[in-house]
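A quick write-up on the structure given underneath.
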Amino acid sequence: MQTRSLGQQGLKVSSIGLGTMGMSMAYGPSNEDEAIATIRRAYELGVNFFDTAELYGYGTGHNEQLLGKAVKDFREKVVLATKFGFDMTAEPLGTRFNSRPENIRKVAENSLRYLQTDYIDVFYQHIPDPDVPIEEVAGVVGELIQEGKVKYFGLSNTGSKTIRKAHAVTPVSMLQTEYSVFEREIEDNDIRMTLNELGIGLVPYSPLGRGFLTGAVKPAQEYAEDDMRRHDERWQGENYIYNLRATEQLNEVASNKGISVAELALAWLLAQGEDIVPIPGTRSAKRVEQNVAAANVNLTEADLQRIKEILPHGSAGSRYPAGMMENFTRDS
Ligand SMILES: NC(=O)c1ccc[n+]([C@@H]2O[C@H](COP(=O)([O-])OP(=O)(O)OC[C@H]3O[C@@H](n4cnc5c(N)ncnc54)[C@H](OP(=O)(O)O)[C@@H]3O)[C@@H](O)[C@H]2O)c1
């Protein structure tokens, strides 16, 4: 697989990574053996960029432990990215933040242990914390880099002003934010410009629209109780119908090229800039094979134009229900 650079600090990763969140949360039950097999299959196929977070284990380390176990035999050859910044005592989880210096250090030590490693390749702030100035956060991550515990600093769900302030203290290598054929907000705000200007890479999360852009979808109420898509606006009422129709049209474009709609969606992201590395998530080795195949897909100008006609501004329905992660591109 081709590699791409993220940021100006020397990090190079496979052009498609793997997100492991769904192996512990968000999209229904998962099986540990299958999850490990999926991570190892991804590695065999050339994926070397793996994404986890403290949050994905509900603070128990489950997701990081899974990833650490899966890559144990080839750890030096992969780039492990994890995240700090949520308050794990909040109920519901995801509603309070904690980027206080002592918590960042605590999460780093836990992540090192759970991942079975003595360095974290990428340490992201998962979401800005309104109570902690970003300069302080960047300072602590800078210290962890000096100490050799972290290699690269990343931000996630962050606005332009905050990115600039952080970068002035400790160089930021990448921003992770939601970006896909469905979620296009980044195209209309100044974040993209800031990333270009500062040479910061872009790691789109939920690049398959949380699975909608695979065509393998069903109405909200048919998902498991703990599956977040039961409440995702894209799956509700008229939105669902609009998005389903758009996905069918995208599928026609994909079929004409002999590829899946998931491949089309990932190839579309890769075509938006050389500084982009999507991290599709799956619990299945078979589906990882389908997604990785997108690295070899070339979209023509006509394909890109047709996709623009089908979804000029993205999906119907916003990315998070009201009240949850609503300040995802907040400046602190
Ligand atoms: N920074 C943040 O705030 C943030 C937020 C969300 C996610 N993330 C990261 O981004 C990663 C990816 O995002 P995501 O998992 O939310 O969404 P995604 O990659 O857009 O979609 C994942 C969903 O698509 C399904 N899927 C994947 N490939 C498929 C295929 N080829 N055919 C059919 N279904 C397929 C998966 O189901 P199966 O498992 O059954 O294949 C899963 O339900 C996460 O794992 C996480 O690491 C970060």
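The values are calculated or read from the model by the stated rules, or taken from the named source; none is laboratory data. Note that this is a predicted model, so its numbers are computed, not measured. With ideal geometry, Cβ positions are generated from the backbone for all residues, glycine too; neighbour counts draw on all protein chains shown. Ligands, DNA and RNA are stripped out before the accessible areas are found, and what is left, the full protein with its side chains, is counted by its heavy atoms. Shrake-Rupley method; radii C 1.70, N 1.55, O 1.52, S 1.80 Å.
The residues on offer are Glu91, Glu143, Glu76, Glu135, and the sole one that is assigned to a loop (DSSP other than H, G, I, E, B), of a type outside the set (A, V, I, L, M, F, W, C) and surrounded by fewer than 18 Cβ atoms within 10 Å (Cβ to Cβ) is Glu91.
Which one of these is aromatic (Phe, Trp, Tyr), more than 16 Å from the ligand (Cβ to nearest atom) and either more than 19 Å from the chain's Cα centre (by Cα) or at negative phi (or both): Tyr179, Tyr119, Tyr114?
One residue alone meets the criteria, Tyr119.
Of the residues making up segment 163-196, those that are charged (D, E, K, R) and outside any strand (DSSP E or B) are Arg164, Lys165, Glu183, Arg184, Glu185, Glu187, Asp188, Asp190, Arg192.
Picking from residues in segment 41-65 that are in contact with a helix residue (DSSP H, G or I) (Cβ under 6 Å, 6 or more places away or on another chain) and assigned to a helix (DSSP H, G or I), the one that is nearest to Asn291 (Cα to Cα) is Ala42. Restricted to segment 217-323, the set of helices (runs of 4 or more DSSP H) holding at least 2 residues that are farther than 14 Å from Ser180 by Cα and without any contact (Cβ under 8 Å) to a residue 40 or more places away in the chain comprises 237-257, 285-292, 301-310.
Mind listing just one residue for me: the one in segment 23-54 that is within 19 Å of the chain's Cα centre (by Cα) and modelled with pLDDT under 95 and, of those, nearest to the ligand (Cβ to nearest atom)? So, considering only residues that are within 19 Å of the chain's Cα centre (by Cα) and modelled with pLDDT under 95, the one nearest to the ligand (Cβ to nearest atom) is Tyr27.
So for segment 94-107 (the condition being of a type in the set (A, V, I, L, M, F, W, C), in contact with a helix residue (DSSP H, G or I) (Cβ under 9 Å, 6 or more places away or on another chain) and surrounded by fewer than 14 Cβ atoms within 10 Å (Cβ to Cβ)), does at least one residue qualify?
Checked segment 94-107: no residue is of a type in the set (A, V, I, L, M, F, W, C), in contact with a helix residue (DSSP H, G or I) (Cβ under 9 Å, 6 or more places away or on another chain) and surrounded by fewer than 14 Cβ atoms within 10 Å (Cβ to Cβ).
Quick one: what pairs do we get from segment 30-52, first residue acidic (Asp, Glu), second more than 11 Å from the ligand (Cβ to nearest atom) and modelled with pLDDT of 95 or more, C-beta under 7 Å, 6+ apart or different chains? Matching pairs, first to second residue: Glu32/Leu66. Being assigned to a strand (DSSP E or B) and open to solvent by less than 50 Å² (accessible area, probe 1.4 Å), is that true of even one residue in segment 110-120? Yes; the residues of segment 110-120 include at least one that is assigned to a strand (DSSP E or B) and open to solvent by less than 50 Å² (accessible area, probe 1.4 Å).
Count of segment 24-37 residues, restricted to those that are farther than 22 Å from Leu112 by Cα and open to solvent by less than 30 Å² (accessible area, probe 1.4 Å), is 2. Of all residues in segment 282-319, those that are under 22 Å from the mean Cα position of the chain (by Cα) and surrounded by fewer than 17 Cβ atoms within 10 Å (Cβ to Cβ) total 5.
For (1) more than 27 Å from Leu67 (Cβ to Cβ); (2) aliphatic (A, V, I, L, M), each residue gets a yes or a no:
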site: Val203; (1), (2): no, yes
site: Arg210; (1), (2): no, no
site: Arg234; (1), (2): yes, no
site: Tyr240; (1), (2): yes, no
site: Asn251; (1), (2): yes, no
site: Ser255; (1), (2): yes, no
site: Ser284; (1), (2): no, no
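Is it true that Glu54 is within 26 Å of Ile200 (Cα to Cα) and open to solvent by 40 Å² or more (accessible area, probe 1.4 Å)?
When the stated conditions are applied, Glu54 does not pass them.
Residues in segment 254-281 that are away from the ligand (no atom under 16 Å from the Cβ) and farther than 15 Å from Asn296 by Cβ: Asn256, Gly273, Glu274, Asp275.
On inspection, Tyr242 does not qualify as open to solvent by less than 40 Å² (accessible area, probe 1.4 Å) and either over 26 Å from Gly85 (Cα atoms) or out of contact with any helix residue (DSSP H, G or I) (no Cβ under 8 Å at 6 or more places or on another chain) (or both).
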